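What follows is a single structure, written as structure tokens, with notes after it.
The values are calculated or read from the model by the stated rules, or taken from the named source; none is laboratory data. Since the model is a prediction, treat every value here as computed from it, not as a measurement. Neighbour counts run over all protein chains shown; Cβ positions are idealised from the backbone, glycine included.
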Amino acid sequence: MIKKSAIAFILLSILARLCFSQENPDNERLRNLVRQNRQAEVAIPHPGFPEIDVVSRNVSVRSVREKTVYLVLSPLTIDWFLDRGYDYTIVENGQSKAISGSTNMIQAMEWETYPTYTQYDSIMRYFASTYPSLCRLATIGTSIKGMNVMALKISDNCGQDETEPEVFYTSSLHGDETGGFILMLRLAGYLLMNYGANRQVTDIVDNLEIWINPLANPDGTYNNGNSIDAPVRNNYNNYDLNRNFPDPESPNTVKQKETLDMMKFLAGHRFVLSANFHSGEEVVNYPWDRWSRDHADKSWFYAISRAYADTVHLHAPSGYMDYLDNGVTNGYDWYPIYGGRQDYTTWELQGREVTIELDNDYITPEEELNALWEYNYRSLLGFLENAMRGISGLVTDAKNGQPVPAKIFIDGHDRDNSHVYSDTVTGEYTRLLEPGTWDLTFTAAGYQERVISNLVLAAGEGISLDVEMEPVLSPVDTTNPEKPLLYPNPGTTFIKAVLPENLRGTINIKIFSPAGVKLSDYNTVSFPGNPVLIDTRWLAPGSYIVVFTGAGTGISYRGRIIVAGE
């Protein structure tokens, strides 16, 4: 039997299509615009929430304002849109013509013009070479056209992986949303130049590992070459990268190279806190984007979003970042999206990410770049400080002091993957929470459960809590097998590998898909009596081949692991 809600949804969809079914005389012009520019923006009357949900699954929604929905069409989506028969108007946009660009790197680093890609690359290398003790340059991956997707690590000991929370700022996943690009470059320079002189900056750099990716979609921003000329929203293959991440609501999306590279980078760091910068409105958007239900930490998300916007209001003219709830919104309440990075990071990786829309103009005019910085830089610093609050520490084995990969959750509070894990290598964890009294539960395979009760977290402060886990004696842990013994198998988050005696010391672990595609390749150390832990949190449910190879001997063994869904 069809439910009444399903019937209502079908009727509303039919009515919406009937309302917008008249042939639009601009259809051919719209096709030509998409053909020439690789994209075109249109506005449609708001068709009601059920139809907006359909639209969002098939076309990139740019924004929803009052009774109008703004869409960006690409060669991949225009046919679907026109077949739907919506009434629309073409949005004219000539902003990119106003970009003059920087004549050299020195001028670019005055942050009042947009750099060429070559200048951008030079600036990133300049930061790393000028501040080698504070800054390291890394490559997340490359774009379809071969441009580097770069990130800077800024920390007081940038060459080491310290037991400090990792945070991530990333911008311009949409290539024609450019204000955040300059903002991130300028923030990196500000942190490096003010370390040791500015107390707030020094405290942040000393206590966090900060990663900044100014430009996540270089092919979109530098669409026509080395200069920013007619940038586009999507990547070179015409995919919206902020609709391209794994999503339980849209599992069949073709993952682009930039997306796969970013997923690997995010899984390798498990950022405690992150923000994704865009333009098109002026608002801080928090999870969820795809569900009407609230995140378990909605109050905390709202508080940090409110703090960002309110700090902006102290330093910006009236009217800036006051959209929706005076500069703050829940994503789904605004409009639903699927395959977004914010929800992927928060759901799949147990992170905490928000999306910050910086400017009503997609391309911030060069004469307004200074103002954008002045309005936002204090909020950018304050947002990072959130990662130093909450409850954090190390989880270790009570017998040998080795790190323990534990699940940390709050019974009766956590849901939808809002729990966190301690780091596989260091045992470090951070649980960001709003002020209050909390009970934390620590569980790990092969260890007794521990509950730490009545932790009082005050506003603006953090709690340092190291936890020792008592191992549960098990004969499997002391076995010296002739081939790798893998357990629990199937597993969900971690699988232990008890290795033969001839695999000791440094070993290499490779993980392959059933089709033979190498998914992971790293070295670790195997100690007698201690199983090697394989982190499977980043793997989709399914079967995988694992190959263990001794670094000194070249001896190899293989085994099969099965990752089960939680």
Item to complete: Can you tell me which residue among 169, 131, 117 is under 21 Å from residue 268 (Cα atoms), of a type outside the set (S, T, N, Q), out of contact with any Ser or Thr (no Cβ under 6 Å at 6 or more places or on another chain) and in the same structural domain as residue 364 (by TED's automatic domain parsing)?
Response: 169
Item to complete: Considering only the stretch 538-565, state which residues are in a loop (DSSP other than H, G, I, E, B), out of contact with any Gly (no Cβ under 7 Å at 6 or more places or on another chain) and under 25 Å from residue 261 (Cβ atoms).
Response: 538, 539, 540, 565
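Residues 175, 146: which one is without any contact (Cβ under 8 Å) to a residue 12 or more places away in the chain and closer than 14 Å to residue 218 by Cβ? Explain how you work it out, then say what you get.
Values: 175 fails: without any contact (Cβ under 8 Å) to a residue 12 or more places away in the chain.
Being without any contact (Cβ under 8 Å) to a residue 12 or more places away in the chain and closer than 14 Å to residue 218 by Cβ holds for just one of 175, 146, which is 146.
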Item to complete: Mind checking which strands (runs of 3 or more DSSP E) fall wholly inside the stretch 349-430 and carry at least 1 residues that are modelled with pLDDT of 95 or more and not hydrophobic (A, V, I, L, M, F, W, C)?
Response: 353-358, 390-397
Worksheet, complete the sentence: Considering the stretch 539-566, residues that are under 26 Å from the mean Cα position of the chain (by Cα) and at pLDDT below 85, and then whichever is nearest to residue 422 (Cα to Cα), we arrive at 566
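Could you tell me whether residue 153 is basic (Lys, Arg), under 25 Å from residue 268 (Cβ atoms), in contact (Cβ under 8 Å) with a residue 24 or more places away in the chain and in a loop (DSSP other than H, G, I, E, B)?
no
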Fill in: Hits in the stretch 125-139 (condition: part of a strand (DSSP E or B), of a type outside the set (A, V, I, L, M) and touching a helix residue (DSSP H, G or I) at 6+ places or on another chain (Cβ under 8 Å))
135, 136
Fill in: Number of positions in the stretch 20-79 that are in a loop (DSSP other than H, G, I, E, B) and more than 29 Å from residue 247 (Cα to Cα)
7
Fill in: Qualifying residues in the stretch 431-443 (those that are under 29 Å from residue 532 (Cα atoms) and not aliphatic (A, V, I, L, M)) - the one modelled with the lowest pLDDT
443
Worksheet item: Just wondering, is there one or more residues in the stretch 485-496 that are closer than 17 Å to residue 556 by Cα, out of contact with any strand residue (DSSP E or B) (no Cβ under 8 Å at 6 or more places or on another chain) and of a type outside the set (S, T, N, Q)?
Response: no
Worksheet item: Is it the case that some residue within the stretch 298-307 is surrounded by fewer than 20 Cβ atoms within 10 Å (Cβ to Cβ), of a type in the set (Phe, Trp, Tyr), in contact with a strand residue (DSSP E or B) (Cβ under 8 Å, 6 or more places away or on another chain) and under 25 Å from residue 434 (Cα atoms)?
Response: yes
Practice prompt. Scan the stretch 260-274 and give yes if some residue there is crowded, with 24+ Cβ neighbours inside 10 Å, farther than 27 Å from residue 432 by Cα and in contact (Cβ under 8 Å) with a residue 12 or more places away in the chain, otherwise no.
Written response: no
Worksheet item: Pick from the stretch 493-514 the residues that are under 30 Å from the mean Cα position of the chain (by Cα) and among the hydroxyl-bearing types (Ser, Thr, Tyr): which of them is modelled with the highest pLDDT?
Response: 513
